[in-house]
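Report on the following structure.
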Amino acid sequence: MTARVIDGVKLAAKIREDVAHRAAHLTAAGMKPGLAVILVGSDPASQVYVKNKVAACEKAGLHSVLEQYPSDMTQESLLERVRALNVDPAIHGILVQLPLPPHIDSHRVIEAIAAQKDVDGFHISNAGLLMTGKPLFRPCTPYGVMKMLEAEQVPIRGAVAVVIGASNIVGKPMAMLLQSAGATVTICNSKTKDLGWHTRHADIVVVATGKPKMIDASMVKAGAIVIDVGINRNAEGKLCGDVDFESVKTVAGAITPVPGGVGPMTIAMLLVNTVEAAERAQQR
Ligand code: NDP
């Protein structure tokens, strides 16, 4: 068996096209959707991520602002910038790129973002809304995974899903979205005993650990859907996921590649969340 490869680049392009139409409609009505991205410090991976996010906004006709600050920026100055953006009518979404330098308390900064502009969906009130099944913003990466499953017409209701990784930004919201859609969900972490026992029972496996190639064919049920969120660099410096793609594609029903899988979807869903924020602002 060779798995169907789920093309995240193609699906993301389709979603971005839809975003561009919605943005044009809003702009014509005098409400051009705007995203502010704040980067503190000079982490090379973060610099690439924020540039890609801003470029995607511009391509889809959104207004975007990139604010870059040195790594010694004080927490108070950062909070002041967030408060100013909270009341800026041209800005509908605010994203503070993580990780922040160690002297800044990320939780305090995220909590300072107005919940209606928290397009990453990390604010505690947005996490609570997601948990109670009434999300305002779905965190972009898990939201992108749900869109991929939907596009592939993967049955979720009644499915057994295993999410490996329990972070606040990927694993936990992923599990919430799958369970809201009717899956029976297990969340695994680094202390999970016999991980393969869990994954071999799963119809859907989502891997988000940051551990290259930790899932191989022996851990996957024939025909399962395998979604690889991980972004790692191998010994040759090439991008790779948390799943051993070559091995797992021989048993899975469908699989996402790295690169070209979940990554492009994350950016597309950030644009969706920003447009949704502007549409809500228009209705207020
Ligand atoms: P974190 O480091 O915050 O969390 C990793 C999680 O994986 C933790 O819950 C950890 O368990 C668990 N874990 C680690 N090792 C194992 C193991 N051997 N077995 C089972 N569970 C394990 O990472 P993130 O959630 O932020 O990111 C995960 C990956 O996804 C990274 O590669 C990151 O780069 C990528 N990513 C990709 C995105 C995209 O757009 N494609 C977006 C965001 C992230 P414990 O809780 O016990 O520590």
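Among Ala3, Ala60, Ala36, which is the only one that is crowded, with 17+ Cβ neighbours inside 10 Å, closer than 16 Å to Leu270 by Cβ and either of a type in the set (D, E, K, R) or touching a strand residue (DSSP E or B) at 6+ places or on another chain (Cβ under 6 Å) (or both)? Unique residue meeting the criteria: Ala36.
One residue alone among Ala90, Ala84 is away from the ligand (no atom under 16 Å from the Cβ), more than 30 Å from Ala3 (Cβ to Cβ) and part of a loop (DSSP other than H, G, I, E, B), and that residue is Ala90. When Ile164, Ile187, Ile169, Ile110 are screened for being surrounded by fewer than 24 Cβ atoms within 10 Å (Cβ to Cβ), in contact with an Asp or Glu (Cβ under 9 Å, 6 or more places away or on another chain), assigned by TED's automatic domain parsing to the domain that holds Ile227 and not polar (S, T, N, Q), only Ile169 passes. Inclusion of Gly263 among residues that are within 16 Å of the ligand (Cβ to nearest atom) and out of contact with any Cys (no Cβ under 7 Å at 6 or more places or on another chain) is warranted.
Could you count how many residues in the stretch 205-254 are at positive phi, within 14 Å of the ligand (Cβ to nearest atom) and either buried (at least 16 other Cβ atoms within 10 Å of the Cβ) or modelled with pLDDT under 95 (or both)? First the steps, then the outcome.
Narrowing the stretch 205-254 to residues at positive phi: 210, 213, 223, 237.
Among the residues that remain, those that are also within 14 Å of the ligand (Cβ to nearest atom) are: 210, 213.
The next check asks that each one be either buried (at least 16 other Cβ atoms within 10 Å of the Cβ) or modelled with pLDDT under 95 (or both); those that pass are 213.
Total satisfying the criteria: 1.
For the stretch 182-201, the tally of residues that are touching a strand residue (DSSP E or B) at 6+ places or on another chain (Cβ under 9 Å) and more than 20 Å from Ala3 (Cα to Cα) stands at 10.
The values are calculated or read from the model by the stated rules, or taken from the named source; none is laboratory data. This is a predicted model, so every value here is computed, not measured. Don't worry about glycine lacking a Cβ; one is built from the backbone with ideal geometry, like all the others, and counts go over all protein chains shown.
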